Amino acid sequence: MAGGPNQGTDMTHLKTAILIVSIAVGAVGGVGAYTFWYANGASYLTNDPAACANCHIMRDQFDAWQKSSHHLVAVCNDCHAPHDLVGKYWTKMDNGFHHSLAFTTGRFHEPIQIKSRNRAVTENACRSCHQDIVNAVDHAVYGDDSLSCIRCHSNVGHAN
């Protein structure tokens with residue numbers, strides 16, 4: 001006898017386990033794919049500001065951006081995503097997950113507020129685009145300490 005008396009039973013359990021795992025992975029993948037399609041997920045991979053307004057909660061920010069001083073020179077990603085490729089898509093992925101979780105569960109502050117990590121990204125974007133003037137103001141007025149751009153100019157990109 002080549003195998004033990006339980007070999008057939010062990011194979012049945014293995015096949016059942018593989019089937020259950022396959023069904024679970026397929027269900028999660030299917031739900032994920034449907035959610036990505038339903039939420040127009042591919043639009044978030046672009047630089048199109050309209051993608052930010054896919055979620056109704058962002059409509060006010062989108063409308064305010066259209067009236068702002070920056071709407072002709074900067075899109076959402078220019079201010080709200082790092083300028084390097086990996087940082088940009090990591091931030092978009094991280095924010096996308098947390099935003100969809102918050103909006104789906106209804107657990108978010110109203111009006112929405114920027115988180116500290118994203119505030120730092122936006123601050124760095126201000127400093128990157130306006131480097132000459134920011135450096136001059138920082139060194140002339142504050143010495144080695146730097147002032148937060150968005151503390152005083154919080155509505156520049158989203159004028160009301």
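The values are calculated or read from the model by the stated rules, or taken from the named source; none is laboratory data. Please read these numbers as outputs of a predicted model, since none were measured by experiment. Cβ coordinates were reconstructed from backbone atoms using ideal geometry, including for glycine residues, and neighbour counts include every protein chain displayed.
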Looking at region 67-91, which of its residues are more than 19 Å from His130 (Cβ to Cβ) and either exposed (fewer than 12 other Cβ atoms within 10 Å of the Cβ) or touching a Phe, Trp or Tyr at 6+ places or on another chain (Cβ under 6 Å) (or both)?
-> Lys67, Leu85, Val86
Within region 51-62, which residues are modelled with pLDDT of 80 or more and either within 17 Å of Ile114 (Cα to Cα) or not assigned by TED's automatic domain parsing to the domain that holds Phe97 (or both)?
-> Cys52, Ala53, Met58, Arg59, Asp60, Gln61, Phe62
Of these, His83, His99, which one is at pLDDT 85 or above, more than 20 Å from Arg151 (Cβ to Cβ) and assigned by TED's automatic domain parsing to the domain that holds Ser148?
-> His83
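The rows are residues; the columns are (1) in contact with an Asp or Glu (Cβ under 8 Å, 6 or more places away or on another chain); (2) small (Gly, Ala, Ser); (3) free of Cβ contacts under 8 Å to residues at least 40 places away in the same chain.
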residue: Ser22; (1), (2), (3): no, yes, yes
residue: Ser43; (1), (2), (3): no, yes, yes
residue: Ala51; (1), (2), (3): no, yes, yes
residue: Lys67; (1), (2), (3): no, no, no
residue: Cys76; (1), (2), (3): no, no, yes
residue: Ala81; (1), (2), (3): no, yes, no
residue: Trp90; (1), (2), (3): no, no, yes
